[in-house]
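Reading through the structure tokens given below for one structure.
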Amino acid sequence: MSTNGQALDAALGVNPLREGLSFQEAPPGHTLIIFGGSGDLAARKLIPALYNLERNALLPSSLAVVGLGRRPMDDESYRARQLEATTSFSRTGKPDPELWNAFQQGLYYVRGDFSTHAGYEDLKRELADIETRHGTGGNRIFYLATQPSLFPEIIRLLGETGLNRGPGTTRIVIEKPFGRDLATALDLNAIANDVFDESQIYRIDHYLGKETVQNVLVLRFANVIFEPVWNRRYIDSVQITVAESVGLEGRGTYYEEAGVLRDMVQNHIMQLFALVAMEPPVDFQADSIRDEKVKVLRALRHLEPDQVASNVMRASYGAGFVEGREVPAYRDEDGVAPDSTTETYFASRFFIDNWRWKGVPFYLRSGKRLAKRASEIAIQFNEVPHLLFGESNPDGVPPNVLALRIQPDEGVSITFEAKQPGLGMRVRPVRMDFGYGQSFAEESPDAYERLLLDVMLGDQTLFIRRDETEAAWRAVMPILEAWEGDPVSRLPTYEAGRWGPRQAGDLLRADGFRWRRL
Ligand code: BG6
């Protein structure tokens, strides 16, 4: 946004962070109840996000946050722990003492055993007390941030103890991974939709809260120049990369059970894919957008078991150096079996069987311990039908590429051809670049800030609907089934700190493409 734009916003009283949300009024009072309140997600993401919302005066005037857990702790020590965590993980650094002090007055810890009715009955009493103290109007958000295997039981017990219907609005946020395959996702949906109405359920995928991910929709549907060429007539291929340099970050036990297919592909990458490939929705209402995403996920061509090996590549990292630091092989990480065959790298080729995309390959890749953290969606256009400058450019000219950089260095670039200065007609690719950091003065909110606010506002646009999560699982099930049906004793490896296994290039080479260098 330009400086003029900001001045205009200030004059109009528009808060830039809230601009674009469908509700302009402040959210009503709420109590946010976090199952897994003393865990990692609360400390790294949820509490820092809430603090930053408070810092930007975006929280309701009455908000209470109740962390639930088994560890013995009182409110004071919970607050101290969360201050420490927020100091380490907040995007705005060390909290302002005065602001934090006001914020922490609403932070509580309730210890209990949440596998029994008694735990929930105690919680009810605590909630009644806290709600009166803070005047939250009885609006409740239950946030499931425990290990995923506990989700069904918590939901069931919330239902059995009547906590699915509170004195005000009641909503539930369910973290990913949503099930570990289609069958468990169906089961989880069955119980969630039995206890809660779909309008109360917020299945979260934090990639949808990223500004640059939402920008995919703006780029496609707020400009006239892209949509006419956004189809098989002009697009040769699409590459979606979500590369991470980090390893397991202490989550070896979880990751061993998940692997990159469940951890990143079924959710984050499928969401990126759906936003790039979906048809224009009729409006910006939650269900209009989700209808289109479901349609395109359903149009993904299912791989037959004998097609998996030639369209999908998996591997796990060996030892190496990442950002100058020596790191162990995946099999030597804490919580990982020495003979593990869990994949930390995934690459695949997908096709969409619909009018817009028939025949256009979508190449997806994601991995841990890669050369750097870089996520990008790259649209490669066709070559020109007839090259006029062939004599001066005997090797042809590279095709146009539109690259949407999701993170870091968020922005969009277009590569196109230009005449190289001189007497001949040599053609060279050049790049036109838009960078968020340069064009907009304000820093983007963290994905969790946006999403937590949306839950309080009752806006489901950036959350996954029941049929959407099922469609995304259906898309990846043939791969999981093929892997499970043909177990291997060892996966190919790649050196940590590199761009993945050599064989991943073969997928594209066969079609005359290469992975982009990021
Ligand atoms: C999480 C995964 O959902 O996303 C992690 O469980 C991964 O394994 C993380 O590291 C990546 O998120 P971001 O926002 O850092 O790209």
- Query: Per 10 Å bin, what is the whole-percent P(r) computed from every C-alpha pair distance within the chain?
  - Reply: 3, 17, 27, 27, 17, 7, 2, 1, 0
- Note on the structure: What helix-only [θ] at 222 nm does the chain give? Using -39500 (n - 2.57) per DSSP H run of at least 4, over all residues, to the nearest 500, the answer is -10000 deg cm²/dmol
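Taking loop as defined by DSSP and a crowding limit of 15 other beta carbons within 10 Å, which GluC sites (Glu not before Pro) in segment 417-454 fit?
Answer in residue order: Glu442, Glu443.
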- Query: Just by accessible area at a 1.4 angstrom probe, what is the order of Leu41, Leu144 from largest to smallest?
  - Reply: Leu41, Leu144
- Percent of Cα-Cα pairs per 5 Å bin, from 0 to the last occupied bin, for segment 367-518, please list those. 2, 6, 9, 11, 14, 16, 14, 12, 8, 5, 3, 1, 0
- Task: Hey, can you find the accessible area per residue of the chain for me, probe 1.4 Å, expressed in square angstrom?
- Result: 45 Å²
- Query: Please identify the trypsin sites (Lys or Arg not before Pro) of segment 447-501 that satisfy two criteria: DSSP loop assignment and at most 10 other Cβ atoms within 10 Å. Which are they?
  - Reply: Arg490
- Ranked highest first by average number of other Cβ atoms within 10 Å, how do 156-168, 26-38 line up? 26-38, 156-168
- Task: In Å and from the alpha-carbon atoms only, list the Rg and Dmax of segment 10-169.
- Result: 16.1, 54
- Please calculate the 1.4 Å probe accessible area of Met425, with all protein chains present, and give it to the nearest 10 Å². 80 Å²
- Restricted to the chain, the DSSP antiparallel beta bridge percent, nearest 5, is 55 percent
- Query: Which of the chymotrypsin sites (Phe, Trp or Tyr not before Pro) found in segment 296-390 are in a DSSP loop and have at most 13 neighbouring Cβ atoms, other than their own, within 10 Å?
  - Reply: Trp355
- Return the whole-Å distance between the Cα centroid of segment 101-172 and the Cα centroid of segment 436-451. 31 Å
- Query: At what distance in angstrom do the alpha carbon centres of segment 376-397 and segment 315-350 lie from each other?
  - Reply: 38 Å
- Query: Across the chain, how many lysine pairs separated by 8 or more positions, or lying on different chains, have Cα atoms within less than 16 Å?
  - Reply: 5
- Can you send over the carbon and sulfur percentage of the accessible area for the chain, probe radius 1.4 Å, protein chains only? 51 percent
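The values are calculated or read from the model by the stated rules, or taken from the named source; none is laboratory data. Since the structure is predicted, the reported quantities are computational estimates derived from the model, not experimental observations. Positions of Cβ are generated from backbone atoms using ideal geometry, with glycine treated the same way; all protein chains shown enter the neighbour counts. Accessible surface is based on the protein model in full, side chains and every heavy atom, while ligands, DNA and RNA are left aside. Shrake-Rupley method; radii C 1.70, N 1.55, O 1.52, S 1.80 Å.
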